[in-house]
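> Please find one structure pasted underneath; my questions will follow.
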Amino acid sequence: RGEMTVGELSKSLHKDVSEVIKKLLHLGVMANINQELDLETIQLLATDFGVEVEMKIPVDEDNFELILETDEDGDLSERPPVVTIMGHVDHGKTTLLDAIRQTSVTEGEAGGITQHIGAYQTEVHGKKITFLDTPGHEAFTTMRARGAKVTDITILVVAADDGVMPQTVEAINHAKAANVPILIAINKIDKPGANIDRIKQELTEYALVPEEWGGDTVYVEVSAKQRLGLEHLLEMILLVAEVQELKANPNKRARGTVIEAQLDKGKGPVVHVLIQNGTLRVGDSFVAGVCFGRVRAMVNDKGKKIKEAGPSTPVEITGLNEVPQAGDPFLCYEDERKARNIAERRAITLRQSEIGANTRVTLDDLYKQI
Ligand code: GTP
Ligand code: MG
């Protein structure tokens, strides 16, 4: 068969039709459920969803069979949750992230200097938690707008002496739109003006009803500054994660999302990737957005050189041809030639859709249509 409809593709990818249509809009293609898609579009879409499409022989354009890779239950094992911290300005997001990081540094690797690589991992009771150190709303918005789902849990920080503010509401809306569970950290409980009940009351208006009031939202009271309640917060994260049953298949080629990237004078393009499935190894060929390369060196969040990285691991890698963008999909292929091929085709399609999109609709318009 030469083609697949939008409906068939979404079924094969285990995605909602609306999600597939949204991605297509993103690529500048207006489509309905019965629309037939060509191989090129299918491959691009699948790449964006982090699924590799293989063509089975015969490979001529009009007669191919698509193999969409999926994980069988038996291939899956538990993976650490990926957590993002959000909240209003000055409510203590950075202080909280630092406090958690330092707690783990002093507990775990004594004397270890944690290097900032856009994300870090911490360990509680032998279980890992990955924190995305891009707590800004902008990063979250960009990633979500580009269709990348990287977060499993959102921690909403609300200062006990201040209450629900505009960016608190914004964060709630983001998390809800992305279907990510929210865990509330009421911060600054050490302050004289702290009023915990008032915060709970205010958040109840956003359907975030505390468990102790009969709801299902977890609230944790903390002081990032005095390092109070951090253990409890970490335990609650693990609890929420347990319910989610987060799994991945470490025994295949890696895929993930670009968290940030820049050009380093000495090392060339450097990219921070969150591995979401599979295992990434030094020497692997990959596509990152419209860039490609082979992993030359890989460094973990502690600044240590590593040879491989499994699901939910944030890593810094070098070996790309150019600098990709935050939110770009990252996908490994069997060889560099294929990676280069995919990257180049992505570049052409995206350029075309950008030309079209600029004159027709903005991204905002696109989302309003869904
Ligand atoms: P932005 O990045 O600007 O949005 O702010 P933020 O949410 O990262 O807040 P940040 O961590 O920078 O903290 C803002 C101020 O609140 C700083 O002066 C912190 O020292 C203070 N602060 C943070 N947590 C606590 C706390 O638990 N107790 C007290 N008393 N002060 C805190
Ligand atoms: Mg901050």
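> Using a Förster distance of 51 angstrom, determine the FRET efficiency expected from the C-beta separation of LYS225 and ILE33, and round it to 0.05.
Computed FRET efficiency for LYS225 and ILE33 comes out at 0.45.
> Please list 340-349, 284-293, 248-257, 27-36 highest first by mean number of surrounding beta-carbon atoms within 10 Å per residue.
With the highest mean Cβ count within 10 Å placed first, the list reads 284-293, 248-257, 340-349, 27-36.
> Hey, another quick one. What residues qualify as long-range amide H neighbours of PHE131, i.e. H under 5 Å apart, gap of 5 or more or another chain, H built at 1.01 Å from N?
It is VAL83, TYR120, GLN121, THR122, by chain and number.
> Sticking with this structure for a sec: For the stretch 166-303, what is the accessible area per residue in Å² when the probe is 1.4 Å?
46 Å²
> Moving to a separate point now. Could you derive backbone 3J(HN,Hα) for the stretch 196-213 from the dihedral phi with the Karplus parameters 6.51, -1.76 and 1.60 (θ = phi - 60°), listing whole Hz in sequence and x where the residue is Gly or Pro?
Once rounded to whole Hz, the list reads 5, 5, 5, 4, 4, 4, 5, 6, 4, 5, 9, 6, 9, 7, x, 4, 5, 9.
> Per the 1.4 Å probe, what fraction of the accessible area of the stretch 242-293, in percent, lies on carbon and sulfur atoms?
The computed percentage sits at 47.
The values are calculated or read from the model by the stated rules, or taken from the named source; none is laboratory data. These numbers were taken from a predicted model, which means no experiment stands behind them. Please note: Cβ atoms are built from the backbone with ideal geometry, for glycine as well, and neighbour counts cover all protein chains shown. Each accessible area value is taken on the protein alone, full model and side chains, heavy atoms only, with ligands, DNA and RNA left out. Shrake-Rupley method; radii C 1.70, N 1.55, O 1.52, S 1.80 Å.
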